Amino acid sequence: MKKQDKKQDELMRDLFIHHEISEPSPSFAERVMYRVSVEKKYDPEIYRPIISRTAWIIIAVLSVLLIFLAFYLGNGGTGYLDKFFSYRLDLDYSIPEISGLMQRIAEVYSSTSSIVLYVLAGLLGMIIVLIAEQLLQRRTLSKK
Amino acid sequence: MEHKEDKHYIARVLKGESDAYAFLVNKYKSMAYSLALKLVRNREDAEEIAQDAFVKAYQSLGQFRGSSRFSTWLYRIVYNTSISRLRRAGPEAVRIEDSGYEEKESSGEMDAYYRLKDQERKKILDIALEKLDPDENFLVTLYYYDDKDLDEIAQITGLTGNNVKVKIFRARQKIAGMLKKYLKDELTGIL
(Lines give C-alpha, C1' and ligand atoms only; values in the text may rest on other atoms or scores of the structure.)
Protein backbone atom coordinates (compact mmCIF):
# COMPACT_ATOMS: atom_id res chain seq x y z
CA MET A 1 0.00 0.00 0.00
CA LYS A 2 1.37 3.44 -0.94
CA LYS A 3 2.15 5.94 1.80
CA GLN A 4 -0.73 8.17 0.73
CA ASP A 5 -3.17 5.26 0.67
CA LYS A 6 -1.99 4.10 4.07
CA LYS A 7 -2.56 7.57 5.46
CA GLN A 8 -6.05 7.69 4.00
CA ASP A 9 -6.74 4.21 5.35
CA GLU A 10 -5.71 5.29 8.86
CA LEU A 11 -7.86 8.38 8.50
CA MET A 12 -10.87 6.27 7.55
CA ARG A 13 -10.37 3.95 10.47
CA ASP A 14 -10.19 6.92 12.78
CA LEU A 15 -13.30 8.49 11.28
CA PHE A 16 -15.28 5.28 11.59
CA ILE A 17 -14.50 5.00 15.30
CA HIS A 18 -17.00 7.80 15.76
CA HIS A 19 -19.52 6.42 13.32
CA GLU A 20 -22.91 5.37 14.63
CA ILE A 21 -25.09 3.14 12.55
CA SER A 22 -28.82 3.78 12.24
CA GLU A 23 -31.19 1.91 14.49
CA PRO A 24 -34.44 0.34 13.30
CA SER A 25 -37.73 0.98 15.10
CA PRO A 26 -37.98 -0.38 18.67
CA SER A 27 -40.53 -3.01 17.60
CA PHE A 28 -38.28 -4.36 14.83
CA ALA A 29 -37.18 -7.58 16.55
CA GLU A 30 -40.70 -8.19 17.83
CA ARG A 31 -42.13 -7.94 14.32
CA VAL A 32 -39.50 -10.25 12.86
CA MET A 33 -40.13 -12.81 15.59
CA TYR A 34 -43.87 -12.61 14.97
CA ARG A 35 -43.31 -13.36 11.29
CA VAL A 36 -40.95 -16.16 12.23
CA SER A 37 -43.48 -17.67 14.63
CA VAL A 38 -46.03 -17.82 11.82
CA GLU A 39 -43.53 -19.88 9.84
CA LYS A 40 -43.48 -23.61 10.30
CA LYS A 41 -41.05 -24.68 12.99
CA TYR A 42 -37.89 -26.40 11.92
CA ASP A 43 -38.03 -30.12 12.06
CA PRO A 44 -35.35 -31.37 14.43
CA GLU A 45 -34.39 -33.89 11.80
CA ILE A 46 -31.56 -32.40 9.79
CA TYR A 47 -31.89 -32.68 6.04
CA ARG A 48 -30.06 -35.67 4.63
CA PRO A 49 -30.14 -36.40 0.92
CA ILE A 50 -31.43 -39.80 -0.05
CA ILE A 51 -28.40 -40.33 -2.23
CA SER A 52 -25.39 -39.19 -0.29
CA ARG A 53 -22.48 -37.22 -1.70
CA THR A 54 -20.26 -40.32 -1.48
CA ALA A 55 -22.80 -42.33 -3.45
CA TRP A 56 -22.87 -39.62 -6.13
CA ILE A 57 -19.06 -39.69 -6.33
CA ILE A 58 -19.12 -43.49 -6.73
CA ILE A 59 -21.78 -43.18 -9.46
CA ALA A 60 -19.69 -40.53 -11.24
CA VAL A 61 -16.52 -42.66 -11.03
CA LEU A 62 -18.38 -45.73 -12.30
CA SER A 63 -19.85 -43.71 -15.18
CA VAL A 64 -16.40 -42.46 -16.19
CA LEU A 65 -15.07 -46.03 -15.95
CA LEU A 66 -17.92 -47.26 -18.10
CA ILE A 67 -17.15 -44.67 -20.75
CA PHE A 68 -13.45 -45.59 -20.71
CA LEU A 69 -14.33 -49.25 -20.92
CA ALA A 70 -16.59 -48.54 -23.85
CA PHE A 71 -13.74 -46.77 -25.63
CA TYR A 72 -11.38 -49.66 -24.99
CA LEU A 73 -13.86 -52.31 -26.03
CA GLY A 74 -14.74 -50.35 -29.14
CA ASN A 75 -17.38 -51.26 -31.65
CA GLY A 76 -17.42 -54.41 -33.72
CA GLY A 77 -13.89 -55.60 -32.93
CA THR A 78 -12.02 -52.34 -33.46
CA GLY A 79 -11.34 -51.69 -29.78
CA TYR A 80 -8.21 -52.03 -27.72
CA LEU A 81 -9.15 -55.40 -26.21
CA ASP A 82 -9.79 -56.89 -29.63
CA LYS A 83 -6.36 -55.85 -30.76
CA PHE A 84 -4.82 -57.12 -27.53
CA PHE A 85 -6.33 -60.56 -27.91
CA SER A 86 -5.46 -61.50 -31.42
CA TYR A 87 -8.46 -63.71 -31.84
CA ARG A 88 -12.10 -62.90 -31.84
CA LEU A 89 -15.30 -64.84 -32.23
CA ASP A 90 -16.55 -64.84 -35.73
CA LEU A 91 -20.23 -64.65 -35.25
CA ASP A 92 -21.95 -64.12 -38.46
CA TYR A 93 -25.53 -63.28 -37.86
CA SER A 94 -28.30 -61.42 -39.54
CA ILE A 95 -31.31 -59.68 -38.15
CA PRO A 96 -34.46 -61.63 -38.90
CA GLU A 97 -37.03 -60.01 -41.09
CA ILE A 98 -39.13 -57.73 -38.96
CA SER A 99 -41.30 -54.85 -39.91
CA GLY A 100 -42.58 -51.56 -38.59
CA LEU A 101 -41.32 -49.97 -35.40
CA MET A 102 -39.03 -52.82 -34.37
CA GLN A 103 -37.22 -52.60 -37.68
CA ARG A 104 -36.65 -48.87 -37.30
CA ILE A 105 -35.27 -49.35 -33.78
CA ALA A 106 -32.94 -52.06 -35.07
CA GLU A 107 -31.77 -49.70 -37.84
CA VAL A 108 -31.06 -46.87 -35.39
CA TYR A 109 -29.22 -49.31 -33.12
CA SER A 110 -27.06 -50.72 -35.88
CA SER A 111 -26.20 -47.27 -37.23
CA THR A 112 -25.21 -45.82 -33.86
CA SER A 113 -21.81 -46.49 -32.31
CA SER A 114 -21.93 -48.56 -29.13
CA ILE A 115 -19.90 -45.87 -27.29
CA VAL A 116 -22.64 -43.34 -27.87
CA LEU A 117 -25.19 -45.90 -26.70
CA TYR A 118 -23.20 -46.60 -23.52
CA VAL A 119 -22.95 -42.87 -22.77
CA LEU A 120 -26.64 -42.33 -23.48
CA ALA A 121 -27.58 -45.28 -21.30
CA GLY A 122 -25.41 -43.94 -18.50
CA LEU A 123 -26.94 -40.47 -18.76
CA LEU A 124 -30.44 -41.92 -18.87
CA GLY A 125 -29.68 -43.96 -15.77
CA MET A 126 -28.45 -40.89 -13.91
CA ILE A 127 -31.49 -38.86 -14.90
CA ILE A 128 -33.76 -41.66 -13.66
CA VAL A 129 -31.90 -41.78 -10.34
CA LEU A 130 -32.18 -37.97 -10.00
CA ILE A 131 -35.91 -37.98 -10.73
CA ALA A 132 -36.41 -40.84 -8.27
CA GLU A 133 -34.54 -38.90 -5.59
CA GLN A 134 -36.64 -35.78 -6.18
CA LEU A 135 -39.88 -37.77 -6.02
CA LEU A 136 -38.86 -39.55 -2.82
CA GLN A 137 -37.80 -36.24 -1.28
CA ARG A 138 -41.12 -34.59 -2.14
CA ARG A 139 -43.02 -37.51 -0.68
CA THR A 140 -40.94 -37.35 2.51
CA LEU A 141 -41.52 -33.58 2.84
CA SER A 142 -45.26 -33.83 2.21
CA LYS A 143 -45.59 -36.41 4.98
CA LYS A 144 -44.11 -33.95 7.52
CA MET B 1 -15.90 -16.75 19.53
CA GLU B 2 -18.60 -14.63 17.94
CA HIS B 3 -18.87 -17.16 15.13
CA LYS B 4 -19.21 -20.03 17.64
CA GLU B 5 -21.91 -18.20 19.55
CA ASP B 6 -23.92 -17.68 16.37
CA LYS B 7 -23.50 -21.34 15.45
CA HIS B 8 -24.83 -22.36 18.83
CA TYR B 9 -28.03 -20.34 18.34
CA ILE B 10 -28.40 -21.51 14.75
CA ALA B 11 -28.19 -25.11 15.93
CA ARG B 12 -30.89 -24.41 18.51
CA VAL B 13 -33.19 -22.91 15.87
CA LEU B 14 -32.60 -25.92 13.64
CA LYS B 15 -33.57 -28.18 16.55
CA GLY B 16 -36.96 -26.46 16.60
CA GLU B 17 -36.35 -23.66 19.12
CA SER B 18 -37.60 -20.74 17.02
CA ASP B 19 -37.20 -18.33 19.96
CA ALA B 20 -33.43 -18.76 19.79
CA TYR B 21 -33.56 -16.78 16.55
CA ALA B 22 -34.32 -13.64 18.58
CA PHE B 23 -30.70 -13.59 19.70
CA LEU B 24 -29.49 -13.35 16.10
CA VAL B 25 -32.13 -10.77 15.23
CA ASN B 26 -31.16 -8.53 18.14
CA LYS B 27 -27.48 -8.94 17.43
CA TYR B 28 -27.60 -8.04 13.74
CA LYS B 29 -30.74 -5.90 13.37
CA SER B 30 -28.94 -2.54 13.50
CA MET B 31 -26.32 -3.47 10.93
CA ALA B 32 -28.83 -5.18 8.63
CA TYR B 33 -31.15 -2.16 8.81
CA SER B 34 -28.29 0.29 8.43
CA LEU B 35 -26.91 -1.47 5.35
CA ALA B 36 -30.33 -1.58 3.72
CA LEU B 37 -30.78 2.11 4.51
CA LYS B 38 -27.47 2.94 2.84
CA LEU B 39 -28.70 1.33 -0.35
CA VAL B 40 -32.35 2.36 -0.52
CA ARG B 41 -32.09 5.64 1.44
CA ASN B 42 -35.58 5.38 2.81
CA ARG B 43 -36.26 4.39 6.42
CA GLU B 44 -39.53 2.54 5.83
CA ASP B 45 -38.17 0.58 2.89
CA ALA B 46 -34.98 -0.23 4.77
CA GLU B 47 -36.94 -1.53 7.76
CA GLU B 48 -39.07 -3.70 5.50
CA ILE B 49 -36.02 -5.01 3.63
CA ALA B 50 -34.18 -5.85 6.85
CA GLN B 51 -37.25 -7.67 8.20
CA ASP B 52 -37.67 -9.60 4.96
CA ALA B 53 -33.98 -10.50 5.04
CA PHE B 54 -34.27 -11.91 8.56
CA VAL B 55 -37.34 -13.95 7.63
CA LYS B 56 -35.66 -15.23 4.45
CA ALA B 57 -32.58 -16.14 6.47
CA TYR B 58 -34.76 -18.02 8.94
CA GLN B 59 -36.52 -19.90 6.15
CA SER B 60 -33.25 -21.00 4.60
CA LEU B 61 -31.27 -21.47 7.78
CA GLY B 62 -31.12 -25.20 7.04
CA GLN B 63 -29.05 -24.39 3.96
CA PHE B 64 -26.56 -22.29 5.91
CA ARG B 65 -23.45 -24.45 5.84
CA GLY B 66 -21.42 -22.38 8.29
CA SER B 67 -18.47 -22.01 5.93
CA SER B 68 -18.82 -18.23 6.25
CA ARG B 69 -19.99 -16.13 9.16
CA PHE B 70 -23.74 -15.86 9.72
CA SER B 71 -23.44 -12.07 9.39
CA THR B 72 -21.80 -12.40 5.95
CA TRP B 73 -24.60 -14.69 4.83
CA LEU B 74 -27.29 -12.41 6.28
CA TYR B 75 -25.83 -9.24 4.76
CA ARG B 76 -25.77 -10.93 1.38
CA ILE B 77 -29.51 -11.49 1.73
CA VAL B 78 -29.93 -7.84 2.79
CA TYR B 79 -27.89 -6.73 -0.22
CA ASN B 80 -29.82 -8.87 -2.70
CA THR B 81 -33.18 -7.87 -1.25
CA SER B 82 -32.22 -4.18 -1.44
CA ILE B 83 -31.00 -4.47 -5.02
CA SER B 84 -34.21 -6.28 -6.04
CA ARG B 85 -36.25 -3.51 -4.41
CA LEU B 86 -34.24 -0.83 -6.21
CA ARG B 87 -34.62 -2.60 -9.54
CA ARG B 88 -38.36 -2.76 -9.06
CA ALA B 89 -38.36 0.96 -8.27
CA GLY B 90 -36.80 1.72 -11.67
CA PRO B 91 -33.45 2.73 -13.10
CA GLU B 92 -33.40 6.15 -11.37
CA ALA B 93 -33.30 4.48 -7.99
CA VAL B 94 -30.10 2.63 -8.87
CA ARG B 95 -28.47 5.64 -10.55
CA ILE B 96 -24.83 5.87 -9.60
CA GLU B 97 -23.05 9.18 -9.87
CA ASP B 98 -19.38 9.82 -9.97
CA SER B 99 -18.84 12.83 -7.77
CA GLY B 100 -15.19 12.93 -8.80
CA TYR B 101 -13.51 13.61 -5.48
CA GLU B 102 -9.92 12.77 -6.16
CA GLU B 103 -8.10 15.43 -4.23
CA LYS B 104 -5.47 14.38 -1.77
CA GLU B 105 -5.10 15.97 1.61
CA SER B 106 -1.84 17.60 2.61
CA SER B 107 -0.16 17.03 5.95
CA GLY B 108 -1.36 20.46 7.15
CA GLU B 109 -4.93 19.43 6.57
CA MET B 110 -4.28 16.16 8.35
CA ASP B 111 -3.12 18.13 11.38
CA ALA B 112 -6.23 20.23 11.17
CA TYR B 113 -8.26 17.03 11.04
CA TYR B 114 -6.66 15.63 14.19
CA ARG B 115 -7.51 18.86 16.01
CA LEU B 116 -11.20 18.29 15.32
CA LYS B 117 -13.44 17.11 18.15
CA ASP B 118 -15.04 13.66 18.02
CA GLN B 119 -18.46 15.14 17.41
CA GLU B 120 -17.13 17.09 14.43
CA ARG B 121 -15.46 14.01 12.99
CA LYS B 122 -18.72 12.13 13.31
CA LYS B 123 -20.53 14.96 11.54
CA ILE B 124 -18.01 15.04 8.69
CA LEU B 125 -18.27 11.31 8.16
CA ASP B 126 -22.06 11.38 8.19
CA ILE B 127 -22.07 14.12 5.55
CA ALA B 128 -19.43 12.36 3.45
CA LEU B 129 -21.21 9.00 3.57
CA GLU B 130 -24.45 10.66 2.61
CA LYS B 131 -22.75 12.10 -0.49
CA LEU B 132 -21.22 8.79 -1.58
CA ASP B 133 -22.92 6.51 -4.05
CA PRO B 134 -25.16 4.02 -2.18
CA ASP B 135 -23.00 1.04 -3.06
CA GLU B 136 -19.81 2.81 -1.99
CA ASN B 137 -21.43 3.81 1.30
CA PHE B 138 -22.42 0.16 1.76
CA LEU B 139 -18.91 -1.11 1.02
CA VAL B 140 -16.95 1.29 3.22
CA THR B 141 -19.32 0.69 6.12
CA LEU B 142 -18.75 -3.05 5.87
CA TYR B 143 -15.01 -2.58 5.55
CA TYR B 144 -14.28 0.14 8.10
CA TYR B 145 -17.17 -0.18 10.52
CA ASP B 146 -17.95 -3.89 10.54
CA ASP B 147 -14.35 -4.97 9.89
CA LYS B 148 -15.26 -7.33 7.09
CA ASP B 149 -12.36 -8.25 4.85
CA LEU B 150 -12.37 -7.92 1.06
CA ASP B 151 -13.28 -11.59 0.51
CA GLU B 152 -16.26 -11.39 2.82
CA ILE B 153 -17.48 -8.21 1.13
CA ALA B 154 -17.06 -9.92 -2.23
CA GLN B 155 -19.22 -12.77 -0.94
CA ILE B 156 -21.88 -10.35 0.28
CA THR B 157 -22.09 -8.27 -2.88
CA GLY B 158 -21.22 -10.86 -5.49
CA LEU B 159 -18.47 -8.56 -6.80
CA THR B 160 -14.90 -9.73 -7.33
CA GLY B 161 -12.33 -9.03 -4.60
CA ASN B 162 -10.50 -6.69 -6.94
CA ASN B 163 -13.65 -4.78 -7.78
CA VAL B 164 -14.43 -4.36 -4.08
CA LYS B 165 -10.90 -3.10 -3.48
CA VAL B 166 -11.16 -0.53 -6.28
CA LYS B 167 -14.58 0.67 -5.12
CA ILE B 168 -13.39 1.07 -1.53
CA PHE B 169 -10.30 2.92 -2.76
CA ARG B 170 -12.47 5.33 -4.76
CA ALA B 171 -14.84 5.86 -1.86
CA ARG B 172 -11.91 6.55 0.43
CA GLN B 173 -10.58 9.16 -1.96
CA LYS B 174 -13.96 10.79 -2.20
CA ILE B 175 -14.27 11.00 1.58
CA ALA B 176 -10.73 12.40 1.83
CA GLY B 177 -11.60 15.00 -0.82
CA MET B 178 -14.74 15.99 1.03
CA LEU B 179 -12.80 16.18 4.27
CA LYS B 180 -10.27 18.49 2.67
CA LYS B 181 -13.03 20.74 1.39
CA TYR B 182 -14.69 20.79 4.78
CA LEU B 183 -11.45 21.66 6.56
CA LYS B 184 -10.75 24.47 4.08
CA ASP B 185 -14.21 25.93 4.62
CA GLU B 186 -13.77 25.69 8.38
CA LEU B 187 -10.43 27.45 8.27
CA THR B 188 -11.82 30.15 5.98
CA GLY B 189 -14.67 30.63 8.45
CA ILE B 190 -12.27 31.06 11.36
CA LEU B 191 -9.97 33.43 9.50
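The values are calculated or read from the model by the stated rules, or taken from the named source; none is laboratory data. Bear in mind that the values here come from a model prediction, so they are computed numbers and not experimental data. Note that we place each Cβ from the backbone using ideal geometry, even for glycine, and neighbour counts take in every protein chain shown.
Would you pick out the residues in the stretch B:7-50 that are in contact (Cβ under 8 Å) with a residue 60 or more places away in the chain, within 30 Å of residue B:130 (Cβ to Cβ) and buried (at least 16 other Cβ atoms within 10 Å of the Cβ)?
B:31, B:34, B:35, B:38, B:39, B:40
Scanning for something over 19 Å from the mean Cα position of the chain (by Cα), basic (Lys, Arg) and either under 20 Å from residue B:141 (Cβ atoms) or within 12 Å of chain A (Cβ to nearest Cβ) (or both), does the stretch B:18-32 turn up at least one residue?
Within the stretch B:18-32, none of the residues are over 19 Å from the mean Cα position of the chain (by Cα), basic (Lys, Arg) and either under 20 Å from residue B:141 (Cβ atoms) or within 12 Å of chain A (Cβ to nearest Cβ) (or both).
Restricting the search to the stretch A:8-42, which residues are more than 7 Å from chain B (Cβ to nearest Cβ) and at pLDDT below 80?
Result: A:40, single match.
Name every residue in the stretch B:156-169 that is buried (at least 20 other Cβ atoms within 10 Å of the Cβ) and over 18 Å from residue A:19 (Cβ atoms), in order of residue number.
B:156, B:157, B:164, B:167
Taking only the stretch B:137-154 into account, find how many residues are more than 17 Å from residue A:11 (Cα to Cα) and buried (at least 21 other Cβ atoms within 10 Å of the Cβ).
The number of residues fulfilling the criteria is 4.
What residue, among those in the stretch B:113-146 that are acidic (Asp, Glu) and modelled with pLDDT of 90 or more, is nearest to residue B:28 (Cα to Cα)?
B:146
Of the residues that make up the stretch B:158-177, is at least one hydroxyl-bearing (Ser, Thr, Tyr), modelled with pLDDT of 90 or more and touching a helix residue (DSSP H, G or I) at 6+ places or on another chain (Cβ under 8 Å)?
yes
Give all pairs with beta carbons closer than 9 Å in which a residue from the stretch A:7-27 that is assigned to a helix (DSSP H, G or I) meets a residue that is among the aliphatic types (A, V, I, L, M) and modelled with pLDDT under 85; count only pairs at least 6 apart in sequence or on separate chains.
A:7/B:110; A:9/A:1; A:11/B:110; A:11/B:179; A:15/B:124; A:15/B:179
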